[in-house]
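Peer 1: Dropping a structure here in structure tokens format, bear with me for questions.
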């Protein structure tokens, strides 16, 4: 019997989280409230969790930071500083849907993906989105504008609206259009260029040079010529052999490249190292 690999475990976690945020609003509707909230603010048996970007906007607008919000944001940022942006690849339900919207596993796009240069602008574009959104929020809005670009939050809100208000949210149509768009272009454009929710946790991981990251040992690589299964495995079109400081910002530690590499050798691995 084939042993489950890292990708199998990751899929199990992703699907479990996605299902949990369908079940939680139903439990709350039945007056079971030991767990409640969405991907902006969440509480599990008294333990607060919060989206750092939502906390930042609320704090800047109100000049006040509650203990629960501080603790909730700190948990997310510390997790990113130690394990990297695993929220995007292991927890975010939109990340799961976005990966499913791509072509089936094993589809080879090596030529296009190998040509991605080390000077990519994906993260810089998200910084621009964040830089434009914060002033607009502070000047013209009473609610956190950038939260409206949080697709995991909208995913969880859809089911809250269904069970609490009894109607279907138009967010379903918006998610469907975005996923169709990503299916057509096959580039996970939202996660790479727009999602502002990933910016702060990406910056948080850069504060710890000893965090968990992909390590490449050139002497162990047995790929030859144009064959590069690890690059083909990355749904974000990164080259795991050539990650440097800037593009490594975009790596979510999903481990798909490690799984692909282990099928031929062990040149790629997860390690806590500089």
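The values are calculated or read from the model by the stated rules, or taken from the named source; none is laboratory data. Owing to the predicted nature of the structure, the values given are computational and were not obtained by experimental measurement. Counting neighbours? That spans all protein chains shown, and the Cβs are built from the backbone with ideal geometry, glycine included.
Peer 1: Here's a check for you: in region 34-58, which residue that is in contact with a strand residue (DSSP E or B) (Cβ under 9 Å, 6 or more places away or on another chain), over 17 Å from residue 154 (Cβ atoms) and in a loop (DSSP other than H, G, I, E, B) is modelled with the lowest pLDDT?
Peer 2: Top of the filtered list is 45.
Peer 1: Hey, another quick one. Is one or more of the residues making up region 16-29 within 21 Å of residue 206 (Cα to Cα) and in a helix (DSSP H, G or I)?
Peer 2: no
Peer 1: Assuming residue 199 fulfils every condition listed in (1) more than 17 Å from residue 121 (Cα to Cα); (2) surrounded by 19 or more Cβ atoms within 10 Å (Cβ to Cβ); (3) at pLDDT 90 or above apart from one, which condition is it?
Peer 2: Failing condition for residue 199: (1).
Peer 1: Of the conditions (1) crowded, with 19+ Cβ neighbours inside 10 Å; (2) in a helix (DSSP H, G or I), residue 12 clears all except one; give me its number.
Peer 2: Residue 12 satisfies every listed condition except (1).
Peer 1: Still on this model: Would you point out which residue out of 37, 95, 46, 84 is within 16 Å of the chain's Cα centre (by Cα) and on the phi > 0 side of the Ramachandran plot?
Peer 2: Being within 16 Å of the chain's Cα centre (by Cα) and on the phi > 0 side of the Ramachandran plot holds for just one of 37, 95, 46, 84, which is 84.
Peer 1: What number of residues in region 70-94 are in contact with a helix residue (DSSP H, G or I) (Cβ under 6 Å, 6 or more places away or on another chain), over 14 Å from residue 202 (Cβ atoms) and touching a residue at least 24 places away in the same chain (Cβ under 8 Å)?
Peer 2: 4
Peer 1: Still on this structure: Among the residues of region 59-96, count how many are assigned to a loop (DSSP other than H, G, I, E, B) and crowded, with 21+ Cβ neighbours inside 10 Å.
Peer 2: Here the count works out to 3.
Peer 1: Look at residue 214 and say whether it is modelled with pLDDT of 90 or more and touching a strand residue (DSSP E or B) at 6+ places or on another chain (Cβ under 7 Å).
Peer 2: yes
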